[in-house]
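Note sheet for the following structure.
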Amino acid sequence: MKKIAVCGKGGVGKTTFASLLIHALADEGRTVYAIDADPNPTLAEALGFSADTISRITPIIEMKTLIEERTGAKSGEYGSYFKMNPTVKDIPAEYSVKKGNINYLMMGCMRGAGKGCACAENAMLRSLVTHLMVKEKETVVMDMVAGTEHMGRGTAKAVDSLIVVVEPGIRSIKAAREFSKMAGVLGIKNIHVVGNKVNGLDDENYIKSNMSDFKIAGFMPLNSSAVIAERQGAVLFEISQKMRSSVQNIMKNIF
Amino acid sequence: MHNKSVFILSLVLILLGITSVPAFCHINDEVAMRTGIFFEDEGIALTLEIDAGMLFGQYYLEILDLDRDEIFGTEDVQKFSEFVVAGLRLRINDLKVLPEFAGASCASFEEFVAGFCYIKLCYIIPYPEDLDRVCTFYYENCLEAEIAIYSLSISDTAGSPISIIKEERNEILQDSVTITFSNAASTDVQAEVTQQPSQEPVEVAVVEVESKAQPVMLPETELAGSAMLINRLKTGEVNFLVLIVLAVVIGFLHAFTPGHGKSLVGAYLVANRGTASQALGLGLIVTLTHTASIYVFGGLASAAAYFFMPSKIVPVMTVVSGVLVVIIGIWSAVRRLIGLEVDHAHILPNLKVLKEDHINILVDGSAVESSEFLIIEAEEDWVQKQLQAAGAEGINICSPGCETHNFMPAIAAERQNTQLVMTAVETGAVDAIVSRRSGLAEKMQNKKSLPNVDIYLSLDSRIEAAELLRQALSKYNDRDGITIPEEGLSWKKLIPLGIAGGAVPCPDALAILLVSVSLGRVALGLGIVFAFSTGLAAALVLIGMTIVFSNKLISGTSGYRKIAGFLPYFSALFLIGLGVYMIINNIGF
């Protein structure tokens, strides 16, 4: 049972890496909950779910009837009471789409003012994330943007590893430092860096020298197979031996 | 979804838009004038029937009874006739002509006092001497042009040599007509007609009228709604069922004319995110008040008819209601600004989220972070064991949400939040509160009637959350007197507003009752007023329901959320404006 959060600046290949990690964990025989908490959710495609299946997925935050039933509030109502600890333990199993031992759950975009907002929809999402990270008995990998809006300090402490994906460039490294700072405030102890789109030793050294104060879990090569997999709707973990071994090495370093 | 919202919004706008149509049933602040022009052998017979609404009846009464002897004598009627003729433009072949007074009939003084104001005047206009050629007769009624509803009836008489060749009337207003007529015996007529140049103004419809044509009249039912009921009462044509059905229909239509609390109901429901039951409740309260006010006012007016004219009391009542509405509007705005009235919460606090058999912990929007430690700790085994020991079903963490969605001053938001927390504590079911608001504890202590509840400023760890839960669990069996309202419908708010809306006097319904009383048919009048009010209720409930359901559809849109915070203030402003309008409109009576 591992609780992993993956974040990184947009475009660094965060979702691609998360999908590889999820497949690698599933490949070990684990049941994995793949949680898509990105406001622009594309993890389902990266995991190889069919377009038809994806078109039928409703993000949890848009399940108005479920939210009303569980929180006792009317969706969109402010200034009236709702339950902040709705029952959510059945949601991962009931509302996820399955492929082998991968269970995919699309969270949807947090509403309103983000972190400080306590409307019923956000309370539902936060309760669900808390349950997944703190109480869920299976492995959970969450693909998220900055790692702060879905979880507070109580939940963050349960995260086994926050993996920050970077590419060999100063912008994504700068963003990674910010994520790391926020994660530190939340109390996440284990922060790992994964260098993605790495083309040779020069790129590896660039990341190492600029992030010497971070734990670097490993590197993922710049590989055309990622583009091919996306175009063909194929699973990168299955078609690229190189990527598969890279992510498996990273896993060994993290756990 | 979007299209559906647009459709329902359009429906609301159409419904509200109907208010600008005065409808023929709103006769009391209008005057119906029916003109008859008949080409008889001895001249043009002109009849003018004036059916004044109750508010204008008072004005006509003063002209008709100049000597104040409460009898309409011959001299009185002739004076009135002069007043009417001064408002007419009559020309034959472009030469001004004066009509000769030929007689009149009118309602009695008592009927005028009761609001039934009818007078019929008859005149004769002699033909010109050179009738052999084609002549034109021009008629225009300028009397009460602002508030009158005109109708024209024109015909020549069967067997008479005088025949109408054509008429040009203002089809929309029916207040003027030019009639071309001739002596049919003349052989020059047809040739002369064909030589006449056509000078038809664009907006004037030309109707060729065949000789002996049926008079062109507006249907009786269009002339007056409530006036028609009065007429039926007056003439004794009383088929009880027909009258009741008519009263319901007219009451329904009547609700769409200005006033009647319709806008009040709409504004209130929009601002407060009303429910269907509230729409129903508010509509019924307005109607019951309306019926009751007519009964009471009708009784008083009938008793005092010889001292005060009903038409004078109506505007007084309107001003009194206006003042009441302004006071409610100002009070509502002040309460919101000082935080006494909570946005939505006064009517929909959703307190049913609190569970009597649970440990209820309130976490307000300022302390949302704390809830996470509580959620995690509440699942622990030790908590479950203690819950079982205490006989409680579970831990219920509740929140009224944050105020980030409401665009209101911070002070008002804080006060409203405090009020919301206190509303929940009043139920007796709250075991602990987490709130960063430092003033909350002091305010709660000042309110002695509130149960004593521990307030935690924040929870920064699971240890602190565990301590809160331990305390709350230990006190669970000590609490008593729990009253969790099933539904947040606040009748305390609805009733005064419904009364204010319904107390606005409705002259039409009152007129029906007053005429019934003056004719000794009191029971029938009361029944009709009740049926009339039922129709009115149906219309108000329909409007209310439409608003409630369209409101639900659009409530999720971001644009709506932005304005939702301001709606209660608009509602208060609207009430003030409505009240001021009612006062200004009637202050000069």
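The values are calculated or read from the model by the stated rules, or taken from the named source; none is laboratory data. Computed from a prediction, not measured in an experiment: that's the story for all the values here. For neighbour counting, all protein chains shown are included, and Cβ atoms are generated from backbone atoms with ideal geometry for every residue, glycine included. Protein only, heavy atoms only, side chains kept; ligands, DNA and RNA dropped before computing areas. Shrake-Rupley method; radii C 1.70, N 1.55, O 1.52, S 1.80 Å.
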### Task
Among the residues of the range A:26-43, write down those that are closer than 15 Å to A:GLY100 by Cα and buried (at least 24 other Cβ atoms within 10 Å of the Cβ).
A:VAL32, A:ALA34
### Task
Filter the range A:161-219 for residues that are over 17 Å from the mean Cα position of the chain (by Cα), among the aliphatic types (A, V, I, L, M) and open to solvent by 50 Å² or more (accessible area, probe 1.4 Å) and give the result.
A:ILE170, A:VAL185, A:LEU201, A:ILE216
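Residues checked against (1) free of Cβ contacts under 8 Å to residues at least 12 places away in the same chain; (2) within 13 Å of chain B (Cβ to nearest Cβ); (3) surrounded by 19 or more Cβ atoms within 10 Å (Cβ to Cβ):
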{"position": "A:THR53", "(1), (2), (3)": "no, no, no"}
{"position": "A:PRO59", "(1), (2), (3)": "no, no, no"}
{"position": "A:TYR81", "(1), (2), (3)": "yes, yes, yes"}
{"position": "A:PRO86", "(1), (2), (3)": "no, yes, yes"}
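Find the strands (runs of 3 or more DSSP E) located wholly in the range A:136-208 whose residues include 3 or more that are among the hydrophobic types (A, V, I, L, M, F, W, C) and under 16 Å from A:SER246 (Cβ atoms), and list them.
Values: elements: A:139-143, A:161-166, A:191-198.
Hits in the range A:136-208: A:161-166, A:191-198.
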### Message
Scan the range A:147-158 and tell me whether some residue there is at pLDDT 90 or above and within 24 Å of A:MET106 (Cα to Cα).
### Response
no
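More than 16 Å from A:VAL6 (Cβ to Cβ) and not in a helix (DSSP H, G or I), is that true of A:ALA217?
no
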### Task
Output the number of the condition that A:ALA44 fails; it satisfies all remaining conditions of (1) outside any helix (DSSP H, G or I); (2) within 27 Å of A:GLN248 (Cα to Cα).
(1)
#### Entry: Unmet requirement for B:ASP29, which otherwise passes all of (1) within 30 Å of B:LEU536 (Cα to Cα); (2) modelled with pLDDT of 75 or more; (3) touching a Pro at 6+ places or on another chain (Cβ under 9 Å); (4) of a type in the set (D, E, K, R)
(2)
